Amino acid sequence: MGQAGAFTTSFLEFPRVSFYSVLPADIISTVEFNHTGELLATGDKGGRVVIFQREQESKNQVHRRGEYNVYSTFQSHEPEFDYLKSLEIEEKINKIRWLPQQNAAYFLLSTNDKTVKLWKVSERDKRPEGYNLKDEEGRLRDPATITTLRVPVLRPMDLMVEATPRRVFANAHTYHINSISVNSDYETYMSADDLRINLWNFEITNQSFNIVDIKPANMEELTEVITAAEFHPHHCNTFVYSSSKGTIRLCDMRASALCDRHTKFFEEPEDPSNRSFFSEIISSISDVKFSHSGRYIMTRDYLTVKVWDLNMENRPIETYQVHDYLRSKLCSLYENDCIFDKFECVWNGSDSVIMTGSYNNFFRMFDRNTKRDVTLEASRENSKPRAILKPRKVCVGGKRRKDEISVDSLDFSKKILHTAWHPSENIIAVAATNNLYIFQDKVN
Amino acid sequence: MFARGLKRKCVDQEDDGEGALAGFGTIPSYSLQRQSLLDMSLVKLQLCHMLVEPNLCRSVLIANTVRQIQEEMTRDGVGQGAAPQSTGRAPLDRLVSTEILCRTVRGPEAGCPVPDLGDGPLQGPLPEICTVDAAEVPRSPQSNPWEMDSPRESRGSFQKSLDQIFETLEHKNHSSMEDLFSDMDSSYYDLDTVLTGMMTSAKPGLCDGLEGFAAAAPPPGSTCKSDLAEVDHVVEILVET
């Protein structure tokens, strides 16, 4: 799979348009475009959120691609200490999800292991001037000195983007939150941890409904955890969640208050010829995403990406090998814990191409229609601005061609876990440890 | 009880050129590989970062892997040479397996001595610990084809360790650090001591095999080595009584 240089599809000729390095010490932990693609949010291990905004293309320079520049930066979560358990709660942002824009302000949800926050990001370009009780510097005036009254007026000022926390949804998760998903009704959202899924109303922070609970009465019997969850893009009553045993459950909230009994159960029968002690671990699903159409779901496990039709539960309709050459290295990857890396996967706007990350700063794209795939690399050394990305190839056998890289030379510390695809254009964001790459298709 | 005789045998194994321990350099048999995997898995389960809550998904996956290995070992009738080996090698494997078992988990009357009783964060008096463990009954009543007593206990304590790990994860939800320690098998922390003890002790044969994942063990205080010697002494005294 993966023939180098033979592609003509435009999405593969990707120039590098922008390259941003978030504060060097911080590892990017989530990347997400908003619904229009105008904004791109990243969360990092230090609890910070950085939002990039696409430059408006001016009418004079039609050919100039809209570049993404930093729009707002704020500290979303701080490290906390749970005194009851004597444990630290990391400030790392696990997920960011945007709400659809309903007015001039932008809203997003960001979460760490325990707490979800709703942030409002708004612009201020006017400032009131002419207060009666305060002078220009803000100092209070002595009321005795005021002889006339005036009405304050709004005067233009330099654009300021401010982020304010509007809601804090806390104390609802005993275990670590791995997913949040905004419902298509735009009034509710869900948060999922290892064993439970809660449904929230945006307006209510002091209670949430538990809709899935897989915690066994006896924790010693625990053999399966929830790994990811997402609402259906159009049906506000439907959601899916994936498990560490490689299964996906689709639930309908109309069926019962506690959706412990699934409506559909997706599982692929195991291939007995490939069975090993690591079979279960590599079958654990690290990400699940509905297609934009809502007809399919895509799952990512350690070695593959699978596309499932919602109407067929017994096996996926498509399976793509991400890095099958790692199959013979599973023991080493188990030893160094890489086998537990949680890769995400994304659809493009038309659901025709899927993308996911790998090691050595490689990321992979699969065209579902042509069945072609490509491996690209996100690295400073190999990319110059406006240059076309060169497809990469990993060689398994002994004979290594020039430009190929052998499996044993792969750098497993350089992993691309988080990627995002613009909702309608061929623009992708790739997080490589602490660097963010934004690639754009030059033919748009 | 404490099989000092067995310990001596362990030492002999290292010197024995045919000892399967030396086989860490060569391709080990399937059962040895499986055993290594089991050891590695237990190390991973027990070496949790104590400051931040351990990743539950990872723990569950490793625990399931451990169960799988144990089940297969039971099905294979481990130790009876059911695996494809010459009958001459079977007893050797059993001894080796036992020895490796000893190194990772302390059973109630551990064929395994010394390093398991490291002091780690537990500052409690050692004799108490010994007594408690001697009274422990292995949880899993699986019929064990192994001939030796200690491996059976050790196997039982595998199950116990697994269960305790989950209990620990559960208990972390509402108990203090003291409770954490009192509930758990002290081998939870001893493992750190075991491995680092291995690293610092003059037992090259054992070290080589474990080096791969011993490297993952957080370095403890420097008093470890001297404490081990002390503990060794204490254990011997207890055994006599």
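Which of the residues belonging to the range A:173-221 are of a type in the set (A, V, I, L, M) and free of Cβ contacts under 8 Å to residues at least 12 places away in the same chain?
The answer is A:I204, A:A217, A:M219.
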request  = Filter the helices (runs of 4 or more DSSP H) completely within the range B:3-84 down to those with at least 3 residues that are modelled with pLDDT of 60 or more, under 15 Å from A:Y334 (Cβ atoms) and more than 9 Å from chain A (Cβ to nearest Cβ).
outcome  = B:30-46
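Taking the range A:219-241, which residues are more than 8 Å from every other protein chain (Cβ to nearest Cβ), surrounded by fewer than 21 Cβ atoms within 10 Å (Cβ to Cβ) and out of contact with any Asp or Glu (no Cβ under 8 Å at 6 or more places or on another chain)?
As a first pass, look at the range A:219-241 and keep what is more than 8 Å from every other protein chain (Cβ to nearest Cβ): A:221, A:226, A:228-241.
Narrowing further to those that are surrounded by fewer than 21 Cβ atoms within 10 Å (Cβ to Cβ): A:221, A:232-237.
Matches in the range A:219-241: A:E221, A:H232, A:P233, A:H234, A:H235.
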remark   = Restricting attention to the range A:275-294, the residues that are without any contact (Cβ under 8 Å) to a residue 40 or more places away in the chain and not aromatic (F, W, Y) number exactly 4
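If you take the residues in the range A:136-158 that are within 48 Å of the chain's Cα centre (by Cα) and surrounded by 10 or more Cβ atoms within 10 Å (Cβ to Cβ), which one is nearest to A:L99 (Cα to Cα)?
Start the filter on the range A:136-158 by keeping residues that are within 48 Å of the chain's Cα centre (by Cα), which leaves A:136-140, A:151-158.
After this cut, where a residue has to be surrounded by 10 or more Cβ atoms within 10 Å (Cβ to Cβ) as well, the list is A:152-155, A:157.
Numbers: A:P152: 34, A:V153: 32, A:L154: 29, A:R155: 30, A:M157: 28 Å.
Across the range A:136-158, the extreme among qualifying residues is A:M157.
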key: Hits in the range A:397-441 - residues which are within 18 Å of A:T375 (Cα to Cα) and of a type in the set (D, E, K, R)   = A:R400, A:R401, A:K402, A:D403, A:E404, A:D408, A:D411, A:K414, A:K415, A:D441
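Name every residue in the range A:142-172 that is under 30 Å from A:D113 (Cβ atoms) and of a type in the set (A, V, I, L, M), in order of residue number.
First, the residues of the range A:142-172 that are under 30 Å from A:D113 (Cβ atoms): A:161-172.
A:V161, A:A163, A:V168, A:A170, A:A172 - these are the residues of the range A:142-172 that are under 30 Å from A:D113 (Cβ atoms) and of a type in the set (A, V, I, L, M).
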key: Scan of the range A:242-287 for residues that are within 14 Å of chain B (Cβ to nearest Cβ) and of a type outside the set (S, T, N, Q), ordered by number   = A:K245, A:G246, A:E270, A:R275, A:F277, A:F278, A:E280, A:I281, A:I282, A:I285, A:D287
note = Selection from the range A:312-350 of residues of a type in the set (V, I, T), closer than 24 Å to B:R58 by Cα and either touching an Asp or Glu at 6+ places or on another chain (Cβ under 6 Å) or part of a loop (DSSP other than H, G, I, E, B) (or both) yields A:V322
ask   = Taking strands (runs of 3 or more DSSP E) that fall entirely within the range A:83-193, which contain at least 1 residues that are modelled with pLDDT of 90 or more and touching a Ser or Thr at 6+ places or on another chain (Cβ under 6 Å)?
value = A:95-98, A:106-111, A:116-129, A:153-169, A:179-182, A:188-192
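Of all the residues that make up the range A:175-218, how many are β-branched (V, I, T), farther than 15 Å from A:S110 by Cβ and surrounded by fewer than 20 Cβ atoms within 10 Å (Cβ to Cβ)?
Step one: of the range A:175-218, the residues β-branched (V, I, T) are A:177, A:180, A:182, A:188, A:197, A:204-205, A:211-212, A:214.
When the remaining residues are screened for being farther than 15 Å from A:S110 by Cβ, the result is A:188, A:197, A:204, A:211-212, A:214.
Next cut, surrounded by fewer than 20 Cβ atoms within 10 Å (Cβ to Cβ) only: A:204, A:214.
Residues that pass the stated criteria total 2.
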task = Among what's in the range A:170-209 and is touching a Lys or Arg at 6+ places or on another chain (Cβ under 6 Å) and away from chain B (no Cβ under 14 Å), pick the residue that is farthest from A:I248 (Cα to Cα).
result = A:T205
task = Please identify the pairs in which a residue from the range A:115-132 that is without any contact (Cβ under 8 Å) to a residue 24 or more places away in the chain has its Cβ atom under 9 Å from the Cβ atom of a residue that is assigned to a strand (DSSP E or B), counting only partners at least 6 apart or on another chain.
result = A:G130/A:V153; A:G130/A:R155
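Just checking, does the range A:416-430 include any residue being surrounded by fewer than 16 Cβ atoms within 10 Å (Cβ to Cβ) and among the charged types (D, E, K, R)? Lay out the reasoning, then the answer.
Of the range A:416-430, the ones surrounded by fewer than 16 Cβ atoms within 10 Å (Cβ to Cβ) are A:424.
Cutting the leftovers down to among the charged types (D, E, K, R) gives us none.
No, the range A:416-430 has no match at all.
The values are calculated or read from the model by the stated rules, or taken from the named source; none is laboratory data. If you're wondering where the values come from, they're calculated on a predicted model, not measured in any experiment. Reconstructed Cβ throughout: ideal geometry from the backbone, glycine too, with neighbour counts over all protein chains shown.
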